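Worksheet for the structure shown next.
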Amino acid sequence: DIQMTQSPSSLSASVGDRVTITCQASQDISNYLNWYQQKPGKAPKLLIYDAYNLETGVPSRFSGSGSGTDFTFTISSLQPEDIATYYCQQYDNLPRTFGPGTKVDIK
Amino acid sequence: QVQLVESGGGLVKPGGSLRLSCAASGFTFSDYYMSWIRQPPGKGLEWVSHISSSSTYTNYADSVKGRFTISRDNAKNSLYLQMNSLRAEDTAVYYCSTSWRGTTSFDYWGQGTLVTVSS
């Protein structure tokens, strides 16, 4: 199985701050990576697919980059509604695997 | 709009069985792969299983293989997960999901149904 790691596991930032989350795969997954946002008590929501493509309707302050084993997810200007846990997910191989999540809150 | 509604969760004893359902609407159900993903309370996401549009192909996580069976009824726009030999570690919210992109992403999710395995 492909193992996904994320760092940090949690972070606190101020409104307007730039927030960066990293995701690392245990082997080369090309750009076969997605990012999800999950708010408390809600189902996850797809934000980024294929490592850098913004899902329709997702604000442009969210972005993704990377390929191979190292990926980055960025919120360019943190908003109060961005408080959530963010997960990466690979689809290079079965089983599909998720990172452990990064919890983002407001300082 | 796409709507996925799970049902069938509840409290079950270890070793017991449960059948989850997912009612789909707002899209041509018979054209798309469907997946089950679960999330233990306070923990991360785990892909469980998926099934192809015509039920030809199914895949399972090793943690459920041989105990869970995914199926679908395209005439009823419904997805199922039969869960047997349940263990405490199967306790989780179970989500059904689908995507325009096959099995590569999980674009649409239901609200989830909680399965608790406890004596």
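Any read-out appearing in this document is the output of simple, stated calculations on the displayed coordinates, not a laboratory observation. Quantities reported herein were computed from a predicted structural model and do not represent experimental measurements. As a convention, Cβ positions derive from the backbone with ideal geometry for all residues, glycine included, and neighbour counts pool all protein chains shown.
See the values below:
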{"item": "For segment A:24-101: rounded, prolate or oblate by the Cα gyration tensor [a/c cutoff 1.5]", "result": "prolate"}
{"item": "Signed unit charges on C-beta, dipole axis of chain A, positive-most listed residue A:Gly99, A:Tyr32, A:Phe71", "result": "A:Gly99"}
{"item": "Residue mean of other protein chain beta carbons inside 10 Å, B:42-54", "result": "3"}
{"item": "Length released on extending from B:Asp62 to B:Arg87, taking residue separation times 0.36 nm less the Cα-Cα span", "result": "7.6 nm"}
{"item": "Unit charges on C-beta of K, R, D, E only; dipole of chain A, Debye", "result": "360 debye"}
{"item": "Point-to-point label distance, A:Val58-A:Asp70, nm (Cα→Cβ direction, 7 Å offset)", "result": "2.2 nm"}
{"item": "Estimated dipole of the protein assembly as shown in Debye, rounded to 20 [Cβ of Lys and Arg +1, of Asp and Glu -1, Cα centre]", "result": "580 debye"}
{"item": "Convex hull projection area averaged over all views, segment B:14-105, Cα basis, nm²", "result": "6.0 nm²"}
{"item": "Cα centroid of segment A:24-60 to Cα centroid of segment B:45-95, whole Å", "result": "23 Å"}
{"item": "Total charge dipole magnitude, segment B:1-107, about the Cα centre, Cβ charges on Lys, Arg, Asp, Glu only, Debye to nearest 20", "result": "240 debye"}
{"item": "Kirkwood hydrodynamic radius over Cα pairs of the protein assembly as shown, then Stokes diffusion coefficient at 37 °C and 0.692 mPa s, in µm²/s", "result": "183 µm²/s"}
